[in-house]
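Here the structure comes first, spelled out in structure tokens, and everything after it is commentary.
The values are calculated or read from the model by the stated rules, or taken from the named source; none is laboratory data. Only a predicted model underlies this, so the values are computations on that prediction, with no experimental measurement involved. Here the Cβ is made from the backbone with ideal geometry for all residues, glycine too, and neighbour counts use every protein chain on show.
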Amino acid sequence: MSEIKNKVISVDYKLFKDTAEGEMIESTEGKQPLVFLSGLGQMIPEFEANVVNLSVGEDFSFGIKSENAYGKRTEEAVIELEQEMFMKEGKLAEEVVIGNILPLQDQNGQVHPAKVMSVNEKTVTVDVNHPLADQDLHFTGNVVEVREATAEELAHGHVHGPGGHEH
């Protein structure tokens, strides 16, 4: 974790597969910047470490290996679940289609995206590996804003309002 805690950092970024010349995965272009509270582990640690000491207007470009990003793909994350979990009004929910991503909640209330791999007579097999598991990432972008977090934001552990501004 970063030594610089309690800063609200806003960045515009582009995320590419493997290198800056790779396929673009996502971008904030034409959207709100990504806003996060530093020092709380809300971001990939290596992403935060690369931007936390930058000033407003500074550009960044760095890669993160898969093991330091979303980890390695594991077979243990491919699980078979009872069809009852996916029933709505006595029948299988229409979202349960091979290839669809469904939000599954674990026993701790955390939501994990799960890709439907197969639908059998009694079970549904899903893959809860992160979609970017095994993928090296490359981020480019620049810092839009850096400010101290408010006491209320620190108490709640997140940034308030669109772009982090109070309304």
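If only residues of the range 92-112 that are exposed (fewer than 10 other Cβ atoms within 10 Å of the Cβ) and of a type in the set (D, E, K, R) are counted, the one that is farthest from T140 (Cα to Cα) is E94.
I'd like to know if the range 27-49 contains one or more residues that are over 30 Å from E121 (Cβ atoms), aromatic (F, W, Y), surrounded by 13 or more Cβ atoms within 10 Å (Cβ to Cβ) and at pLDDT below 95. Yes, the range 27-49 contains a residue that is over 30 Å from E121 (Cβ atoms), aromatic (F, W, Y), surrounded by 13 or more Cβ atoms within 10 Å (Cβ to Cβ) and at pLDDT below 95.
Among residues of the range 98-110 that are touching a residue at least 12 places away in the same chain (Cβ under 8 Å), those with a Cβ under 7 angstrom from a residue that is loosely packed, with under 13 Cβ neighbours inside 10 Å and among the polar types (S, T, N, Q), sequence gap 6+ or separate chain, pair up as I98/S118. Scanning the range 42-96 for residues that are farther than 30 Å from G157 by Cα and in a strand (DSSP E or B) returns V78, I79, E80, L81, E82, M87, K88, K91, L92. Out of all the residues in the range 95-106, is one or more more than 30 Å from V144 (Cβ to Cβ), touching a helix residue (DSSP H, G or I) at 6+ places or on another chain (Cβ under 8 Å) and small (G, A, S)? Within the range 95-106, none of the residues are more than 30 Å from V144 (Cβ to Cβ), touching a helix residue (DSSP H, G or I) at 6+ places or on another chain (Cβ under 8 Å) and small (G, A, S). Among the residues examined, S27 qualifies as more than 30 Å from A155 (Cβ to Cβ), without any contact (Cβ under 8 Å) to a residue 60 or more places away in the chain and in the same structural domain as V146 (by TED's automatic domain parsing). Against the numbered list (1) within 26 Å of V51 (Cβ to Cβ); (2) within 15 Å of the chain's Cα centre (by Cα), V128 comes up short only at (1). In the set D134, D127, only one residue is surrounded by 14 or more Cβ atoms within 10 Å (Cβ to Cβ), of a type outside the set (A, V, I, L, M) and more than 17 Å from K65 (Cβ to Cβ); that residue is D127.
Here H158 fits the description: in the same structural domain as A20 (by TED's automatic domain parsing) and surrounded by 12 or more Cβ atoms within 10 Å (Cβ to Cβ). Residues of the range 146-161 that are in contact (Cβ under 8 Å) with a residue 60 or more places away in the chain and either within 19 Å of the chain's Cα centre (by Cα) or closer than 19 Å to P33 by Cα (or both): V146, R147, E148, A149, E153, G157, H158, V159.
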